[in-house]
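Have a look at the structure below, then the notes.
The values are calculated or read from the model by the stated rules, or taken from the named source; none is laboratory data. Since we're looking at a predicted model, the values are computed, not measured. Counting neighbours? That spans all protein chains shown, and the Cβs are built from the backbone with ideal geometry, glycine included.
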Amino acid sequence: MGKQVETKYRLWFSWQYEQEEKWINELSRQGLQWKRGGIIRNEFERDASVRYTYRLDYQLGLNKEKREEYLELYRDAGWEFRGNCTPAWFYFRRAWRPEEDPQLYTDRESLVTHYKRLRSMMAVMLLINLFIMCLNGINLLPRANGHLWGIVIPVLAIYALLFLLLGTGVVKMNRKIKRITS
């Protein structure tokens, strides 16, 4: 008989990945081992006989060859690749040891590069959404009548929420970068 699988729901954003790691590590301490997941839904196998330290990494645009080199680098460092949450987020784990708090990035320079990569992704998404909003505005506003405002206001509210979320991410990554570099 296979191990019991439990599904947990939790929304997280890219700038919160460290909190996501803490949550997954706490569940591992409680006997739930990460099996697969995503931005909202995660599956865990119940196995109280082991405990792991989990880490997440963001790597966008790895072709097959680069991906294999990347995974091999972490395998050589003692990390087990467990899967992806989106093509860009990689989940790794290694056996938990009470005297250790292993990290994927062990020096300031590589951690700053990691944070800059996350910040760049969010900034690009912010600019793309701004461009799409402008195109939609150019297309919709000249034809605005009483019925169309029922569409325009909800669409603007969605864009405002996206800008707020992405802008929050950019600001938080900037703060992390400043904290490390100062």
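For region 86-101, the condition of being of a type outside the set (K, R), over 29 Å from M125 (Cα atoms) and outside any loop (DSSP other than H, G, I, E, B) holds for at least one residue. Against the numbered list (1) free of Cβ contacts under 8 Å to residues at least 40 places away in the same chain; (2) surrounded by 12 or more Cβ atoms within 10 Å (Cβ to Cβ), L104 comes up short only at (1).
Scanning region 78-97 for residues that are surrounded by fewer than 19 Cβ atoms within 10 Å (Cβ to Cβ) and modelled with pLDDT under 95 gives N84, T86, P87, A88.
Spot the failing condition for L60; the list is (1) under 22 Å from D101 (Cβ atoms); (2) touching a residue at least 60 places away in the same chain (Cβ under 8 Å), and only one is missed. Looking at each condition in turn, L60 falls short on (1). Residues that are exposed (fewer than 11 other Cβ atoms within 10 Å of the Cβ), within 30 Å of L162 (Cα to Cα) and of a type in the set (A, V, I, L, M): does region 41-60 have at least one? So far as region 41-60 goes, no, none of its residues is exposed (fewer than 11 other Cβ atoms within 10 Å of the Cβ), within 30 Å of L162 (Cα to Cα) and of a type in the set (A, V, I, L, M). Which is of a type outside the set (V, I, T), at negative phi and assigned to a loop (DSSP other than H, G, I, E, B), of L71, L62? Matching residue, one of L71, L62: L62. Pairs are defined by a Cβ separation below 9 Å, a sequence spacing of at least 6 or placement on different chains, a first member in region 170-182 that is closer than 13 Å to L118 by Cα and in contact (Cβ under 8 Å) with a residue 60 or more places away in the chain, and a second member that is surrounded by 12 or more Cβ atoms within 10 Å (Cβ to Cβ) and β-branched (V, I, T); the pairs so defined are K176/V112; I177/V112. Taken together, N136, N145 contain a single residue that is outside the structural domain of V50 (by TED's automatic domain parsing), farther than 29 Å from Q59 by Cβ, assigned to a loop (DSSP other than H, G, I, E, B) and out of contact with any His (no Cβ under 9 Å at 6 or more places or on another chain), which is N145. Whether any residue in region 147-168 is modelled with pLDDT of 95 or more and either among the hydroxyl-bearing types (S, T, Y) or exposed (fewer than 11 other Cβ atoms within 10 Å of the Cβ) (or both) is what I want to check. Yes, some residue in region 147-168 is modelled with pLDDT of 95 or more and either among the hydroxyl-bearing types (S, T, Y) or exposed (fewer than 11 other Cβ atoms within 10 Å of the Cβ) (or both). Taking (1) part of a loop (DSSP other than H, G, I, E, B); (2) closer than 19 Å to T7 by Cα; (3) under 19 Å from the mean Cα position of the chain (by Cα) in turn, A48 satisfies each apart from (3). Comparison of Y91, Y115, Y52, Y70 shows that the only residue that is in the same structural domain as M173 (by TED's automatic domain parsing) and either out of contact with any Phe, Trp or Tyr (no Cβ under 6 Å at 6 or more places or on another chain) or of a type outside the set (D, E, K, R) (or both) is Y115.
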